[in-house]
Amino acid sequence: MTQGRPLLNRRLAEFGTTIFAEMSALAVRTGSINLGQGFPDTDGPEEVREAAVRALRAGHGNQYPPGSGVPELRSAITEHQHRRYGLAYDPDTEVLVTAGATEAVAAALLALLEPGDEVVALEPYYDSYAACIAMAGGTRVPVTLHPHDGAYRLDLDELRAAVTPRTRLILLNTPHNPTGTVLSRDELAAVAELACERDLLVVTDEVYEHLVFEGEHIPLASFPGMRERTVTVSSAGKTFSFTGWKIGWITASPELVTAVRSAKQFLTYVSGGPLQYAVAEALRLPDSYFDELRADLRAKRDLLSGGLTEAGFEVYRPAGTYFVTTDIRPLGERDGLAFCRALPERCGVVAVPNAVFYDHRDQGAPFVRFAFCKRTEVLTEAVGRLRSLAVR
Ligand SMILES: Cc1ncc(COP(=O)(O)O)c(C=O)c1O
């Protein structure tokens, strides 16, 4: 306190230390297998790492790169969007490289919101969303994904009902963390129709675009009327297993890119110069790279999901991402936070309670998330440890 006031401002007061910090510290202290935080335990392709070394040595990007990102990366991003999705973007005016998807979301919200604007977001949500909406002075309006028949689904009537005259934008995330839901073509079409009808902007976080095991990833920007009102967010972290590099980007109309850049330039201005060159090479990897990544993670999903089922959890097998959400009630438990705090001592595994991703905490209380972006032997060991929970 100074001057009788808390140090942390009112907008951020409700956001303490993230659950990941607490759970990762617990993993270290207890020597547990950390399936809490979503980072791979092996680095991405060797040739991409080598490309970064080459860029550093050649002096590419060691000084401030251009504010929008190095031209090589911007071109690689537009080629990728065209090759994968048939979406044409101009690398000079319709791409902005950011410090990870996290900065992209933050800059988009800071740029596009006025205080008091409402943001409709799918709940449970990635933890930075609520804090970024708050920093931008916006009000979050959660639309809860409901578990049904082994998967989490978006209720389109609830989505429509959440939009008010004060709604400025929809903050979408597909494939969705933590539930693993991949929105279908029909669901996305309905979101697009709503955004057009109510003249809303959409920020769509598609960082898991290459991690889809069932169905397909369809960018929201590809739907009629959406290209000019959508900010699409991507990241090299998840696709190339270099989460520490923090290279992300947006693709959007020139007007939206200009707006988002106005905020971004005063956050980091630029970052990761040499790494941007390496990500440009990564995006041009052959399709086989992306196919193998998906196949590897699908096998890991099945390994962990099977083990969790055997251990007695109800498992929501994800259609995408590298997370699996479970219900702990079949184990005779109901409080995910208490369960996750006790789990390292009980069996040497760390997970995160989904409740922290909810405004309606009670809705998330019995759910717990495990990450499967780990080596097969680590997952096998974790499954063995979790088996001790099985109710006999
Ligand atoms: C949905 C979602 N968006 C954004 C991010 C952060 O991406 P980056 O590391 O590129 O900032 C994550 C990381 O877990 C995520 O799950």
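A few remarks follow.
- Between 362, 155, 90, the Gaussian network model of the chain with springs among Cα atoms under 10 angstrom shows the greatest mean-square fluctuation at 362.
- Under a Gaussian network description of the chain, with springs only between Cα atoms under 10 Å, the residue in 382, 21, 192 that fluctuates furthest is 21.
- At R0 = 30 Å, FRET efficiency that the Cβ-Cβ distance of residue 57 and residue 29 yields, to 0.05: 0.15
- The sum of -39500 (n - 2.57) across all DSSP H runs of n ≥ 4, divided by the residue count of the chain, sets its helix-only mean residue ellipticity at 222 nm to -12500 deg cm²/dmol.
- Simple label model, 7 Å out from Cα along Cβ direction - residue 13 to residue 164, nm: 2.1 nm
- In order along the range 325-338, phi translates into HN-Hα couplings of 9, 10, 9, 8, 4, x, 8, x, 10, 9, 10, x, 5, 5 Hz, rounded to whole numbers, per the Karplus curve 6.51 cos²θ - 1.76 cosθ + 1.60 with θ = phi - 60° and x for Gly and Pro.
- Result for the chain in a Gaussian network model with C-alpha springs under 10 Å: among 364, 31, 180, the largest mean-square fluctuation is at 31.
- Separation of alpha-carbon centers, the range 336-359 and the range 255-286, rounded to whole Å: 35 Å
- Spacing of the modelled spin labels on residue 290 and residue 255, each 7 Å from Cα toward Cβ, amounts to 3.0 nm.
- Excluding same-chain neighbours fewer than eight residues apart, the aspartates and glutamates reachable from residue 300 by a Cα-Cα span under 17 Å are 41, 43, 214, 291, 292, 310, 377, 381.
- What separates the Cα centres of the range 165-184 and the range 1-76 is a distance of 22 Å.
- Under the combined filter of DSSP loop state and at most 16 neighbouring Cβ atoms within 10 Å, the range 161-212 retains these trypsin sites (Lys or Arg not before Pro): 166, 198.
- Whole-angstrom gap from the range 362-392 to the range 191-229, using each part's C-alpha centre: 32 Å
- For residue 144, residues with placed amide H under 5 Å, excluding near neighbours: 123
- Under the simplified labelling scheme, the residue 341-residue 82 pair shows an inter-label distance of 5.5 nm, with each label point 7 Å from Cα along Cα→Cβ.
- The GluC sites (Glu not before Pro) of the range 212-282 that DSSP puts in a loop, and whose beta carbon has at most 16 other beta carbons within 10 Å, are 214, 216.
- Segments 1-13, 199-211, 300-312 sorted - mean Cβ within 10 Å per residue, highest first: 199-211, 300-312, 1-13
Since every read-out is calculated from the coordinates, none of them should be taken as a lab result. It should be emphasised that the depicted structure is a prediction, and the values quoted were computed from it without experimental measurement. A quick note on method: Cβ atoms are made from the backbone with ideal geometry, for glycine too, and the neighbour counts reach across all protein chains shown.
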